[in-house]
Amino acid sequence: MLDINPYLLLATLAVFFTLIATLNSWLYNPLFSYMNKRDDTIKNDMQKAGSNDNEINDLKAKADKIVMDAKLDSAKLREKVIADAKELASSKLEARRAELAVEYIEFEKSLNESKEKLENDLKSQIPLFKEALNAKFSQI
């Protein structure tokens, strides 16, 4: 049968507790400290990432503000340029209208002069037309 030897039982218990103490000091404690350090490192990295997110959001907000300001400035500049172009075009248009009005008046004067000259020429040639007409009637 099975005999229980108390000396062997005590020796086995002593070896078991010694093994547990040795494993605890050489294996488990360094392993637990490494795992705790790793957890702390992960927590710190997560906090840094969270603060980086805040920085990124702040920078993005600043960039959006700069872009919005640039859009507003460009819209103002575009409106100013359009207004200046319209003013320049209207001034050129008015100048051209004034030139055309002067040219039209000169054209009317030259037309009236041509009309009077033509009337005078025709009046001076009326006797010739009358003679030519009388000659044609006499031939008929």
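Rule-based calculations on the coordinates, nothing more; no lab input. Note that the structure is predicted; figures quoted are calculated from it, not measured. Cβ atoms come from the backbone with ideal geometry, glycine included; neighbour counts cover every protein chain shown.
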Legend entry - At most 10 other Cβ within 10 Å, DSSP loop - trypsin sites (Lys or Arg not before Pro), segment 1-110: none
Inset, instruction - Excluding residues on the same chain fewer than 8 positions from K60, give the lysines whose Cα lies under 29 Å from its Cα. - result: K43, K48, K71, K76
Inset, instruction - Set Lys and Arg Cβ to +1 and Asp and Glu Cβ to -1, take the dipole of the chain about its Cα centre, and tell me which of M35, N5, S74 lies farthest positive. - result: S74
Inset, instruction - Note the angle between two axes, namely the Cα long axis of helix 6-23 and the longest principal axis of the Cα atoms of the chain, as a number of degrees from 0 to 90, rounded to the nearest 10. - result: 20
Legend entry - Nearest-ten-degree value, helix 29-139 long axis tilted from longest Cα axis of the chain: 10
Legend entry - Assigned charges on the beta-carbon of Lys, Arg, Asp, Glu; the chain dipole about Cα centre (debye): 220
Legend entry - Those GluC sites (Glu not before Pro) in segment 15-92 that DSSP places in a loop and that have at most 11 other beta carbons within 10 Å: none
Inset, instruction - Please name which of A135, A85, L111 has its Cα lying farthest along the dipole of segment 57-140 towards the positive end, using unit charges on Cβ (Lys, Arg +1; Asp, Glu -1) and the Cα centre as origin. - result: A85
Inset, instruction - At 7 Å along the Cα-to-beta-carbon direction for both A98 and L13, put a label point, then send me their distance in nm to one decimal. - result: 12.3
